[in-house]
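Structure first, then comments.
The values are calculated or read from the model by the stated rules, or taken from the named source; none is laboratory data. Keep in mind the model is a prediction, meaning the values are calculated, not measured. Ideal geometry is used to build each Cβ from the backbone, glycine not excepted, and the neighbour counts take in all protein chains shown.
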Amino acid sequence: MRTIYILWLRQLKRFIRSKSRIVGSLAQPILFLVSLGYGLGPVFAKAGQGNYLEFLAPGIIGMSIIFTSIFSGIEVIWDRQFGFLKETLVAPVSRFNIMVGRTLGGATTAVIQGIIVFCVSLIAGFRPINFYMVPFAILIMILISILFTALGTMIASRLEDMQGFQLIMNFLVMPLFFLSGAIFPLDGLPNALVTVARLDPLSYGVDALREVLIGTSRFGLSTDIAVLSSVSLLFLVIGGYLFSKIEI
């Protein structure tokens, strides 16, 4: 447990020191929130779907979390190239604990990003149906961040090149985001796209956030929590195995 805590704290300190990273990672969510929220809001309302900003905000929160979570995996490659990873791996501790500590550290920074975007959405005009449900929304953010941080670490464990990681992540992240229903309803889509959305873990994260923040859900909160928890556990196990196979 001490190893997990130390690595978690190290990841958190690294994030806090990088002010430019914090500001830069907020640019895209704010752009999506403002441009789409206000740009497509009248069209969404005319279609009888209600307030688009309320529909969009949980999706943008999910977007900020998945981007921060998955790209935290690049730190594994960075540490490998500069020798910091070797110093960690030769320590007399379980590699699984090392992977869990790094994952929890990356997940914590992703949750912080999600909370900041939530606050920005409040400034933009978003209002949850009940502010007492916000702590439950944060718990869902934690599940989403653990899932995708584990995924990022899992992929980074098999790569040695940062450019290759960025290419794979861009190829992976954008489909995960756009097919999750974050920016458009899944109702009325072709069956093929609905099937793909059901296979997308982020779909359940966004759906759970909408359930607790605006009271609408497609899959049901219990299903969302079950999928997020089981996939997070699966990725942690696979990621721990792949991380243990890293050669130094």
Quick check on region 168-189. Is at least one of its residues touching a residue at least 40 places away in the same chain (Cβ under 8 Å), within 20 Å of Thr108 (Cβ to Cβ) and not acidic (Asp, Glu)? yes
Taking interchain pairs and intrachain pairs at least six residues apart, which have beta carbon atoms under 6 angstrom, with the first residue in region 146-157 and surrounded by 24 or more Cβ atoms within 10 Å (Cβ to Cβ) and the second at pLDDT 90 or above and among the hydroxyl-bearing types (Ser, Thr, Tyr)? Ile146/Ser232; Leu147/Ser232
Test: Thr153 is over 21 Å from Phe118 (Cβ atoms) and either not in a helix (DSSP H, G or I) or not small (Gly, Ala, Ser) (or both): yes
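Given the condition in contact (Cβ under 8 Å) with a residue 24 or more places away in the chain and β-branched (Val, Ile, Thr), answer yes or no: does some residue in region 191-207 qualify?
Yes.
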Mind listing just one residue for me: the one in region 119-150 that is among the polar types (S, T, N, Q) and part of a helix (DSSP H, G or I) and, of those, nearest to Val206 (Cα to Cα)? Ser145
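Suppose the filter is among the aliphatic types (A, V, I, L, M), surrounded by fewer than 19 Cβ atoms within 10 Å (Cβ to Cβ) and either modelled with pLDDT of 85 or more or closer than 25 Å to Phe55 by Cβ (or both); does Ile123 pass it?
yes
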Tell me which of these Phe165 doesn't satisfy, since it passes every other one: (1) over 16 Å from the mean Cα position of the chain (by Cα); (2) crowded, with 22+ Cβ neighbours inside 10 Å; (3) more than 30 Å from Val237 (Cα to Cα); (4) not β-branched (Val, Ile, Thr). (3)
Can you tell me which residue in region 201-248 is surrounded by the most Cβ atoms within 10 Å (Cβ to Cβ), limited to those that are assigned to a loop (DSSP other than H, G, I, E, B) and touching a Phe, Trp or Tyr at 6+ places or on another chain (Cβ under 9 Å)? Phe219
Condition set of a type outside the set (Ser, Thr, Tyr) and at pLDDT 80 or above, scope region 37-56, selection surrounded by the most Cβ atoms within 10 Å (Cβ to Cβ): answer is Leu56
